[in-house]
1. Which residues, taken from the range 108-137, are farther than 13 Å from L237 by Cβ and crowded, with 22+ Cβ neighbours inside 10 Å?
2. Could you please find all residues in the range 32-48 being of a type outside the set (F, W, Y) and in contact (Cβ under 8 Å) with a residue 40 or more places away in the chain?
3. Are there any pairs, at least 6 apart or on different chains, whose C-beta atoms fall under 6 Å, with the first in the range 186-211 and basic (K, R) and the second assigned to a helix (DSSP H, G or I), and if so, which?
4. Do you know which residues across the range 1-23 are in a helix (DSSP H, G or I) and either within 23 Å of D99 (Cβ to Cβ) or of a type in the set (F, W, Y) (or both)?
5. Conditions first: (1) surrounded by 14 or more Cβ atoms within 10 Å (Cβ to Cβ); (2) within 29 Å of D208 (Cα to Cα); (3) out of contact with any His (no Cβ under 6 Å at 6 or more places or on another chain). D72 passes all but one, so which condition is the exception?
6. So if I check each of E27, E45, which one is open to solvent by 20 Å² or more (accessible area, probe 1.4 Å) and among the acidic types (D, E)?
7. Output the residue which, of all residues in the range 218-241 that are over 15 Å from the mean Cα position of the chain (by Cα) and small (G, A, S), is least open to solvent (accessible area, probe 1.4 Å).
8. Can you find a residue in the range 75-87 that is out of contact with any His (no Cβ under 8 Å at 6 or more places or on another chain) and in contact (Cβ under 8 Å) with a residue 60 or more places away in the chain?
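The values are calculated or read from the model by the stated rules, or taken from the named source; none is laboratory data. These figures come from a predicted structure and were not determined experimentally. Cβ placement follows ideal geometry from the backbone for every residue including glycine, while neighbour counts extend to all protein chains displayed. When the accessible area is computed, the model is the full protein with side chains, heavy atoms only, and any ligands, DNA or RNA have been set aside. Shrake-Rupley method; radii C 1.70, N 1.55, O 1.52, S 1.80 Å.
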Amino acid sequence: MKNLPYKYVALFYSHLMESIDYSVWGEYLTDLIEWEGIKHPSILELSSGLGNLSMVLSKKYKKILCSDNSLDMLLNFKNHKIPKLCFDMRAIPLKKEFDIVLSTFDSINYLLTYKDLVKHLKSVKSCLSKNGFYTFDASLELNSVKYSKLLNRKGEFDNIKYRQRSFYDLEKKIHTNKFEIILPDGKNIKETHRQKIYPIEIFFKAADASGFYVQDCFNCFTFDSVNKKSERAQFILRRND
């Protein structure tokens, strides 16, 4: 039987991400929120993983709900004060409206088809307040071309051994990460993670098809416009109704 993404990688995900400074990421998102002028926002984080980013944001913003499609990631979520739910980002089952919906670390690239991308954005719109915004970052092709080989690595964490192989298919625009995992009991596991690397224009097209408009598209971690040298783009979408 095929393993769901992050079922076992969740066990050592914190080790894989130990070089990521979530405080810097949190400061950038805080700057974006303050730029937009929303006071005391209610926030829904999609694909929150272990909740590292929300733990940073929760120091300033108290109304945060975390979510992820991987139950295993949420079960390894260490902060028990932040509420969390497990659901697919293409079908958000919430009736409550949020001032801000956010997803980070190219989570949106896990939507492998344009149809799924539109489905996701329509679902976000259904739970976004009229004056709210959706912000997400997307990994662009230059990021995959430059850094895919750096993710070819192996290591050990908490008696779990792993090997990661990363490669980018220029023709299909698919970035693949394959994990070979040996659990403490000796069991061998394989997990495959795939991401679609879309041309940036596709996000504009999908936003328009979903009832959004792109208010801003920044070179990630800045307030400068995205450009041909950008490796990651930060979008701010607003409802067009």
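1. The answer is N109, and nothing else.
2. L32, I33, E36, I38, P41, S42, I43, L44, E45, L46, S47
3. Taking only residues 6 or more apart or on different chains, the pairs are K196/N109.
4. Y13, Y22, S23
5. Tallying (1) surrounded by 14 or more Cβ atoms within 10 Å (Cβ to Cβ); (2) within 29 Å of D208 (Cα to Cα); (3) out of contact with any His (no Cβ under 6 Å at 6 or more places or on another chain), D72 fails exactly one: (2).
6. Being open to solvent by 20 Å² or more (accessible area, probe 1.4 Å) and among the acidic types (D, E) holds for just one of E27, E45, which is E27.
7. Residue satisfying both the conditions and the ranking: S230.
8. For the range 75-87, residues out of contact with any His (no Cβ under 8 Å at 6 or more places or on another chain) and in contact (Cβ under 8 Å) with a residue 60 or more places away in the chain: present.
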